[in-house]
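Where a number appears in this text, it was derived from the coordinates with a stated rule and is not lab data. Treat the numbers as computed from the prediction; the structure is a model and nothing was measured. Here the Cβ positions follow ideal geometry from the backbone for every residue, glycine too, while neighbour counts run over all protein chains shown.
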């Protein structure tokens, strides 16, 4: 298993008039968290795209346990429980400054060749970087 | 069962550099669709909030079947398969101009009193308006 | 002068915890309004891009006269006061259901060839469609 | 004069299909930058709101000098050139990793009492914290 945590502060524009983070904005937090998890592993998602591989999202699942407020400093843990195949699944756990689990989620992404728009296997470099965490 | 369909055109700012609608923006489309579904039934979500009842989201699930592009005119069907209890579940089906099913989703919301932040039953008016569709 | 008005309803996710439309979301409304103004003229911005011409934004100016709320139905008037040159300037006036002027704005865009990323003149079809309004 | 710089990385969802940061997303970057500039001074915008003072935006001006891309690490300098009165004006300068000035902007905000929605003077604590920078 590979995991990595980041910290992220809630922006004003991400709240709604209920005074909580708008439910549609968590997907953007997931994206930041998984890109940083890859960067920490030694992979740049930007370079991955430049090399001709895209990772479109197939599924997204969100569970809102407790409201999150403006200016909250969140700790987001990204979990990779399995080696990627043609798909990769990221899990997320959000905790606030009181260490309460306020939110969790899961995203399933595919690997796709940008030119053909066809599914493909994960890049070798990703497999090599992940292997040590799954043996 | 109650269902209602709306049309919605994709905005430029809702795409990302992959050239598709960003996966986090569908939640906002769901919100528009379910609010219009309620309005068509005779209920204003705005007035519901003004009357002291909020509907925070508990769960959200999204399935991305086909990419959706800038300027696409989507038909979004909202489905209410069950009478609400302390929770209400909305389903969504997105079709593009070729009638292809490009996306589907599901949102579970709670009913909550704004002043106490405690869960509550759905308002009587909503139950009355929905009853004819579930008998 | 060419002008065109659209109607647009404020989404929940576009508000912030102040209970107003977040100030950063007006730019997205401008985009919807100017794209529809072009469509009404007989031009598709999507087809313009597909033909290899992009319109990046150079400047944007926003004036917030009165707060705008969730579910407000806005009338947005787009104004084109001058024939485009290498730049085009769109003006906007927002009115709420009481016809109060709640917001105004202005965006300056360039014409650019997608392949060379160099500025270019506006497409001939646009000039032809606009000419009748400026003579 | 008071100034403060922050770093901010562009999120994927903040780009559009042109491959640049969507022009409407800079306002959100301004907000992050000015809130951190206040925090660095010793003021929390969150606490300001909790104390009953809001800062609605009156005007916003943006100048797009060069495109900004996904994953760019921006340095955003916030400039306060004048002591606030009933209004406060923040300036912004964005530089990319090559130190090129890619964007600049300016936001004018008011001070307003949350309960009466009437304009008010800036809080005493803000004036005290700022005074040393303007003498």
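Once Rg and the Kirkwood radius are both taken over the C-alpha atoms of the protein assembly as shown, their ratio Rg/Rh works out to 0.95. Placing a pseudo-label 7 Å from each Cα along the Cα-to-Cβ vector at residue C:41 and residue C:75 gives an inter-label distance of 2.2 nm.
Taking every alpha-carbon pair in region B:62-135 and binning the separations at 5 Å intervals from zero gives 3, 14, 19, 17, 13, 12, 12, 8, 2, 0 percent.
Counting partner chain Cβ atoms within 10 Å of every residue's Cβ in C:27-40, what's the average? It would help to have the intermediate numbers written out before the result.
Working: counts 9, 8, 3, 3, 8, 4, 0, 1, 5, 1, 0, 0, 2, 0.
Partner Cβ neighbours, averaged per residue: 3.
Distance from the C-alpha centroid of region D:26-67 to that of region A:1-46: 21 Å, rounded to the whole angstrom.
May I ask you to sort C:41, B:130 by Cβ crowding, counting other Cβ atoms within 10 Å and putting the fewest first? Can you show the working numbers first?
Working: C:41 16, B:130 20.
With the fewest neighbours first, C:41, B:130 line up as C:41, B:130.
For the peptide B:6-16, the mean number of other protein chain Cβ atoms found within 10 angstrom of a residue's Cβ is 6. Taking each DSSP H run with n ≥ 4 as -39500 (n - 2.57) and averaging over every residue of the protein assembly as shown yields -6000 deg cm²/dmol at 222 nm. With contacts taken as Cα pairs under 8 Å and at least 6 residues apart, region B:1-71 reaches a relative contact order of 49 percent. Within 10 Å of the Cβ of each residue in A:56-65, the mean number of Cβ atoms contributed by other protein chains is 6. Here residue C:86 yields copy-to-copy label distances, from shortest upward, of 4.3, 5.0, 6.6 nm, the label point defined as 7 Å from Cα along Cα to C-beta. Scaled against 2.2 N^0.38 Å for its residue count N, the alpha carbon radius of gyration of region C:2-134 is 1.11. In this assembly of identical copies, the label point of residue A:7 (Cα plus 7 Å along Cα-to-Cβ) is separated from its counterparts by 1.5, 4.9, 5.0 nm, sorted shortest first. Per residue, the convex hull spanned by the Cα atoms of region D:94-135 amounts to 144 cubic angstrom.
For chain B, the relative contact order comes to 30 percent (Cα pairs under 8 Å, sequence separation of at least 6). Arranged from fewest to most other beta-carbon atoms within 10 Å of their beta carbon, D:4, D:65 become D:65, D:4. Output the 0 to 90 degree angle, nearest 10, between the alpha-carbon long axis of helix C:26-41 and the longest principal axis computed from the alpha carbons of chain C. It is inclined by approximately 50 degrees. A point 7 Å from Cα along Cα→Cβ stands in for residue D:131, and the other copies hold the same point at 6.6, 6.7, 6.7 nm, listed in rising order. The fewest-to-most ranking of D:116, A:89, D:107 by surrounding Cβ atoms within 10 Å reads D:116, A:89, D:107.
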